[in-house]
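Here's the structure we're looking at; comments come further down.
The values are calculated or read from the model by the stated rules, or taken from the named source; none is laboratory data. Quick caveat, the model's predicted, so the values are computed rather than measured. Here the Cβ positions follow ideal geometry from the backbone for every residue, glycine too, while neighbour counts run over all protein chains shown. Calculation scope for accessible area: heavy atoms of the full protein, side chains included, ligands and nucleic acids excluded. Shrake-Rupley method; radii C 1.70, N 1.55, O 1.52, S 1.80 Å.
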Amino acid sequence: MIGFRGIQKGASAFVVVLILVGFGGTGWAQADKPIKSLSFQNADVRSVINFLSEYSGVNMVTAPTVEGDVTINVHDVTWQQALDILVSTYGLHAAKEEGFIRILRAEDFQREEDAREQHDANKRQLVRTETRIIEILHAAAKDMVQPIKSIMTARGKVDIDQRTNSLIVTDEPVNVAAVVDFIKELDRESRQIRIEAKLLEVSTDYLEELGVDWWVDGTGTGGSKNDKTYYNAVNIDGASGRVSDPLASYNFRTLQRGWNLEATIEAIVSEGKGKVIAHPEITTVDNQEARIQMGQRIPIKEFDASGNVIITFTEVGTILRVTPHITAADRILMHLRPERSTYEFDPNGVIISTNNAETHVVVENEQTAVIGGLTTQDEIIIEAGVPILKDIPYLGRLFKYKKKQIESRDLVIFVTPTIVDTKMMGSVETGR
């Protein structure tokens with residue numbers, strides 16, 4: 001243990017310094033080891049800095065504007081920590097220069113930095129800009145403009161040559177090279193995904209033959225075993241825009257590997273329990289939406305502010321939007337948005353009934369996701385009676401009758417994404 005008492009300052013102020021450090025045989029302990037206790041009371045700040053300089057063996061230069069008394073009482077700190085505490089507490093800054101540390105007021109340091117930045121900016125203004133034409137191989141040039149602007153200087157600009165799908169970059173020579181490297185990182189060939197969809201309309205009574213147990217209760221809500229349920233239905237009147245209660249629900253699940261989808265669908269169709277509405281295939285780029293639509297566009301009359309009739313067309317039918325994304329493990333995250341809508345004429349306009357949902361499903365490559373649970377009901381009039389006699393003109397009416405029957409059908413959508421590799425595309429990777 002070693003203690004010091006400072007010399008008198010002025011009439012009443014004095015300095016007290018108490019330092020407790022480890023004592024390794026003879027002499028001071030190593031400077032990088034923590035100081036157990038360091039106490040300065042009303043000490044001149046320049047004296048404290050000089051002490052830390054002597055203790056650490058590092059040259060420290062104090063600016064003439066640094067003055068005043070400080071009080072510090074810390075324990076188990078290194079000299080670097082003690083210096084950081086000193087400068088941060090009393091509005092100073094320790095600027096590390098080559099071979100020494102310069103101590104100055106924080107506002108003086110900020111003023112120096114601002115002057116240095118202004119000087120560098122003035123120098124850059126004297127440097128002539130450089131222009132490079134960079135051909136974009138795998139993306140649309142217009143889609144890369146905004147990211148490139150984020151790393152360009154204030155003098156930089158970028159233009160597009162749509163004819164050659166190229167970027168014209170103008171900037172300071174030092175930054176142009178960085179922009180070119182940045183573009184090469186962005187301009188990579190995007191992977192593609194083939195989306196295969198099967199839209200199957202199945203009799204509700206026969207739906208369990210698929211191994212899918214969906215249900216919809218009388219209130220419009222529904223569910224399935226261990227699956228998520230989504231429902232939303234909207235009726236839109238061309239005049240008043242009425243909104244109805246939910247009518248049905250969508251359910252999402254995936255088929256396990258080994259499920260023979262083709263054989264199952266073929267059996268359902270051959271037995272007359274269902275029919276394939278559509279079997280579209282579409283290929284899209286990673287993270288880009290693929291849209292499949294089956295339906296029609298119906299005209300709707302509207303009135304503008306002047307009372308003139310304006311006819312707009314609204315798409316009605318079955319629409320499936322799929323945005324796939326290939327994960328690092330070559331699995332596929334699909335953003336699914338199915339929609340089914342029907343319409344009927346009303347004295348006040350056209351009523352469009354729409355059922356839609358939205359979810360995210362993760363599947364393996366070539367694994368099938370299933371969207372189902374949307375039930376529609378048709379009223380069927382069946383004529384029955386005594387064979388032969390019911391077909392006699394006029395008299396046959398006495399031997400036959402008609403009855404109404406409600407037939408329920410479910411729309412089931414099978415979505416199978418497949419990652420398109422270079423062999424499937426018939427091409428190989430090309431270099432820049």
Q) What are the ³J(HN,Hα) values, in whole Hz, obtained from phi via the Karplus relation 6.51 cos²θ - 1.76 cosθ + 1.60 with θ = phi - 60°, for each residue of the range 282-288 in sequence order, with x given for Gly and Pro? A) 8, 10, 9, 8, 3, 6, 10
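Past the 29 Å Cα-Cα mark, which pairs from K123/K157; K301/K402; K96/K184; K96/K157; K275/K301? List each step's numbers first, then the result.
Values: K123/K157 19 Å; K301/K402 39 Å; K96/K184 37 Å; K96/K157 36 Å; K275/K301 34 Å.
Where the Cα-Cα span goes over 29 Å, the pairs concerned are K301/K402; K96/K184; K96/K157; K275/K301.
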Q. Over the range 30-81, what percent of the accessible surface lies on carbon and sulfur atoms, probe 1.4 Å?
A. 44 percent
Q: Sum up the charges of everything whose Cβ sits under 13 Å from the Cβ of D114, counting Lys and Arg as +1 and Asp and Glu as -1, but leave D114 out.
A: -4
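As a test of reading the structure, rank E339, E302, E201 by solvent-accessible area (1.4 Å probe, protein chains only), most first. Show your work: numbers first, answer last.
Working: E339 40, E302 85, E201 15 Å².
Most to least solvent-accessible, the answer reads E302, E339, E201.
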Q. For the range 85-193, which whole percent of the accessible surface, found with a 1.4 angstrom probe, sits on carbon and sulfur atoms?
A. 49 percent
Q) Given the protein chains as shown and a 1.4 Å probe, how many square angstrom of Y343 are accessible, to the nearest 10? A) 80 Å²
Q. What percent antiparallel are the DSSP beta bridges of the range 61-201, to the nearest 5?
A. 90 percent
